[in-house]
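A.B. asks: First the structure, then my questions, so here it is.
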Amino acid sequence: RIWRRTVGWRRRQRRMVGAKGIMASLVDRYFSQADFDAIEAAVKKAESGTSGEIAVELASRSRSWMAERLTHALVFTLFCFLVALLLTRETGWVTYYKTTNALLWAGIGFVAAFFGWGAFLARKERRRRAVLAQAQGLLHRITSVKQRTGVMILVSLEERQAAVVADTGIASKVAPEYWEEVHARIVDAIRDGKHSEGIIEAVAVIGAEMGKHFPRLDDDVNELPDRPRVVK
């Protein structure tokens, strides 16, 4: 009986591990616990010289691109099917519709819409806007910082994009071009497969810039978590 229970427990554990692997998010795939630790240490170090706060957010995606592509493709497929039916109908004593031809054109329409128009929908500029919109929706997470000196880095993995948003206190001191440079650092690192390294580098340069305008005070307290948070 003990042997059976042990074997059963091990089988359940293997099934759980297998299910976890299947359901693993993109964050789990690209970031290990060691990466989380390294980013957390980088944030602590950057904030040691400034009263500002840095928050790192990680998301698997900023929107459901596949659902959007499928929706557009299916609508276009229906359109192609109906048009093909109308163009191939034969009218005599009875009106006949060539359903087979219509289905063929519907299939062609689906492929064209999914791979053609779908790729256009997911173009780089649109992916970046989607990530920025998500970051702006999460801005409330840093607005509680004293002097409004919070900065958020959001990395969205399916889009291979990032957004860097700053609260009003620090944004009024730093030119917008500066944040573009930080954004470029992160995106370039993502493109090279160096996800955590890009974030760590960005955290360091942001901390140095914040220290110029808001040096650390004697009574400074840590107002935001240093460890990266996963956006659900």
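The values are calculated or read from the model by the stated rules, or taken from the named source; none is laboratory data. What you see is a predicted model, and the numbers here were worked out from it, not measured in a lab. Methodologically, a virtual Cβ is constructed for each residue, glycine included, from the backbone with ideal geometry; neighbour enumeration extends over all protein chains shown. Please note that ligands, DNA and RNA were not included when accessible areas were found on the heavy atoms of the full protein model with its side chains. Shrake-Rupley method; radii C 1.70, N 1.55, O 1.52, S 1.80 Å.
A.B. asks: Checking the structure you have, find out if any residue of the stretch 132-150 is open to solvent by 80 Å² or more (accessible area, probe 1.4 Å), in a helix (DSSP H, G or I) and touching a residue at least 60 places away in the same chain (Cβ under 8 Å).
C.D. replies: The answer is yes; a qualifying residue exists.
A.B. asks: Within the stretch 163-171, is even one residue modelled with pLDDT under 95, at negative phi and open to solvent by 60 Å² or more (accessible area, probe 1.4 Å)?
C.D. replies: For the stretch 163-171, residues modelled with pLDDT under 95, at negative phi and open to solvent by 60 Å² or more (accessible area, probe 1.4 Å): present.
A.B. asks: Looking at the stretch 183-202, can you tell me whether even one residue there is surrounded by fewer than 19 Cβ atoms within 10 Å (Cβ to Cβ), aliphatic (A, V, I, L, M) and closer than 13 Å to Ala55 by Cβ?
C.D. replies: no
A.B. asks: Please determine, by comparing only the residues of the stretch 206-232 that are among the hydrophobic types (A, V, I, L, M, F, W, C) and farther than 13 Å from Glu53 by Cα, which one is surrounded by the most Cβ atoms within 10 Å (Cβ to Cβ).
C.D. replies: The qualifying residue surrounded by the most Cβ atoms within 10 Å (Cβ to Cβ) is Val231.
A.B. asks: Now for a separate question. In this structure, is Arg128 out of contact with any Gly (no Cβ under 7 Å at 6 or more places or on another chain) and on the phi > 0 side of the Ramachandran plot?
C.D. replies: No: the conditions fail for Arg128.
A.B. asks: To continue, here is another question. May I ask you to say which residue of Thr77, Thr88 is polar (S, T, N, Q), in contact with a helix residue (DSSP H, G or I) (Cβ under 7 Å, 6 or more places away or on another chain), open to solvent by 30 Å² or more (accessible area, probe 1.4 Å) and more than 22 Å from Val187 (Cβ to Cβ)?
C.D. replies: After ruling out the rest, the residue left standing is Thr88.
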